[in-house]
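Q: Pasting in a structure now, in structure tokens, and then I'll have a few things to ask.
The values are calculated or read from the model by the stated rules, or taken from the named source; none is laboratory data. Since the model is a prediction, treat every value here as computed from it, not as a measurement. In this analysis, Cβ positions are derived from the backbone assuming ideal geometry, glycine residues included, and neighbour counts consider all displayed protein chains.
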Amino acid sequence: MAETRHTRVLIIGSGPAGYTAGVYASRAMLEPILVQGIEPGGQLTTTTEVENWPGDTEVQGPELMVRMEAHAKAMGCEIIGDIITDLDLSERPFTAKGDSGTSYTADAVILATGARAKWLGLASEEAFKGFGVSACATCDGFFYRGQEIVVIGGGNTAVEEALFLTNFASKVTLVHRRDELRAEKILQDRLFKHPKIEPLWFHTLDEVVGEDDPKGVEAVRVKHVETGEITEIPCKGVFIAIGHAPASELVKDQLETHMGGYVKVEAGSTRTSTPGVFAAGDLTDHIYRQAVTSAGMGCMAALDAEKFLAEQDD
């Protein structure tokens, strides 16, 4: 028989936002249950060196997430390796169904399901992820000081990444399938004026080329969209900058969203359009997308949930 578990606070997602919410909700004696989801630890588990987490000059992404999980557990958060497949926010207590068959009911829900970088789906791209192929310039740009870098994309994300990478790279080639960018004009002006950036129009990424020992990128092969001609560009880093997709499938028809699916929260809080439902981290944040800002929002969500529940109990 399928089990039903009740908790005062159900946390869905296990990146920096989810685990930090678990720490704070546990300290508030709310006895939270955290369901990890399809990718325990979130995006940081696909990053190698992290050099911008306060207190650690350098830490491996997966190691940092193991430590966060251990911290939440030590505070008393119950962490479950399940995937929420259905969430009903129409009435309280809220009801979530797990892939395991377990149902979870909760007086408050904290959503911390994150966002996923969009990828092109190439086998060579997958093979070198974390070894020269990245989707986060602010995470990984530092490792390419004095190197040549290629950025794929033509929107705000691509232009912002290309401009940021000029702080480190000797040259940045921006590869775009059209001959004009979709980015804001002010960003385009900055890009076209920058001496380190060279746009390559009417091309798409065909293959990432690299070595296995030690593992790393050596070049990319790009294809002309009209002629099919292949050109090889030497580089040490490839940044796929075709945008991010918030993991909001569970709630996209139940909560107010904006900016292409990001869950909308009240300014200065983590409150969503449904009382008792809070959202934190990259699920709500299309601007900063950093581990430290996600963790901060996880703290806010737990404090907001604690206040909400206290008011319900009055």
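Q: If Arg190 satisfies all but one of (1) closer than 20 Å to Leu165 by Cα; (2) loosely packed, with under 14 Cβ neighbours inside 10 Å, what's the number of the condition it fails?
A: With (1) closer than 20 Å to Leu165 by Cα; (2) loosely packed, with under 14 Cβ neighbours inside 10 Å applied to Arg190, the lone miss is (2).
Q: Under the condition of being out of contact with any helix residue (DSSP H, G or I) (no Cβ under 9 Å at 6 or more places or on another chain), assigned to a strand (DSSP E or B) and not hydroxyl-bearing (Ser, Thr, Tyr), which residue from segment 183-205 is farthest from Ile152 (Cα to Cα)?
A: Glu198
Q: Any residue in segment 147-154 that is touching an Asp or Glu at 6+ places or on another chain (Cβ under 6 Å), part of a helix (DSSP H, G or I) and assigned by TED's automatic domain parsing to the domain that holds His194?
A: no
Q: Within the set of pairs 6+ apart or on separate chains, which have a first residue in segment 268-290 that is over 20 Å from Thr7 (Cα atoms), a second that is charged (D, E, K, R) and assigned to a strand (DSSP E or B), and C-beta atoms under 9 Å apart?
A: Asp282/Arg116
Q: Still on this structure, please answer the following. Take segment 282-298 and flag every residue that is surrounded by fewer than 23 Cβ atoms within 10 Å (Cβ to Cβ), on the phi < 0 side of the Ramachandran plot and part of a loop (DSSP other than H, G, I, E, B).
A: Correct list: His286, Ile287, Tyr288, Gln290.
Q: Just checking, does segment 197-215 include any residue being surrounded by 14 or more Cβ atoms within 10 Å (Cβ to Cβ), farther than 21 Å from Val133 by Cβ and either touching a His at 6+ places or on another chain (Cβ under 9 Å) or modelled with pLDDT of 95 or more (or both)?
A: Yes, some residue in segment 197-215 is surrounded by 14 or more Cβ atoms within 10 Å (Cβ to Cβ), farther than 21 Å from Val133 by Cβ and either touching a His at 6+ places or on another chain (Cβ under 9 Å) or modelled with pLDDT of 95 or more (or both).
Q: Now, a different point. Of all residues in segment 209-234, which are over 16 Å from Leu120 (Cβ atoms) and not in a strand (DSSP E or B)?
A: Within segment 209-234, Asp213, Pro214, Glu226, Thr227, Gly228, Glu229 qualify.
Q: What about Gln60, is it free of Cβ contacts under 8 Å to residues at least 60 places away in the same chain and under 21 Å from the mean Cα position of the chain (by Cα)?
A: yes
Q: Being surrounded by fewer than 23 Cβ atoms within 10 Å (Cβ to Cβ) and either among the basic types (Lys, Arg) or outside any loop (DSSP other than H, G, I, E, B) (or both) is the filter here, so list the residues in segment 242-281 that pass it.
A: His244, Ala245, Lys252, Thr257, His258, Tyr262, Lys264, Arg271
Q: Follow-up. Please indicate, with yes or no, whether at least one residue in segment 16-34 is assigned by TED's automatic domain parsing to the domain that holds Ala305, at pLDDT below 95 and not charged (D, E, K, R).
A: Taking every residue of segment 16-34 in turn, none turns out to be assigned by TED's automatic domain parsing to the domain that holds Ala305, at pLDDT below 95 and not charged (D, E, K, R).
Q: Now for a different question. Does segment 223-238 contain any residue that is over 24 Å from Gly155 (Cβ atoms), of a type in the set (S, T, N, Q) and surrounded by 14 or more Cβ atoms within 10 Å (Cβ to Cβ)?
A: no
Q: Moving on. Which of the strands (runs of 3 or more DSSP E) found entirely inside segment 91-131 contain at least 3 residues meeting this: more than 17 Å from the chain's Cα centre (by Cα) and crowded, with 19+ Cβ neighbours inside 10 Å?
A: Output list reads 94-98, 103-111.
Q: Then there is this: Working only within segment 169-182, note down all residues that are crowded, with 19+ Cβ neighbours inside 10 Å and either part of a loop (DSSP other than H, G, I, E, B) or in contact (Cβ under 8 Å) with a residue 60 or more places away in the chain (or both).
A: Ala169, Thr173, His176, Leu181
Q: From Arg92, Arg67, grab the single residue that is farther than 29 Å from Glu311 by Cα and of a type in the set (Lys, Arg).
A: Criteria check complete, one pass: Arg67.
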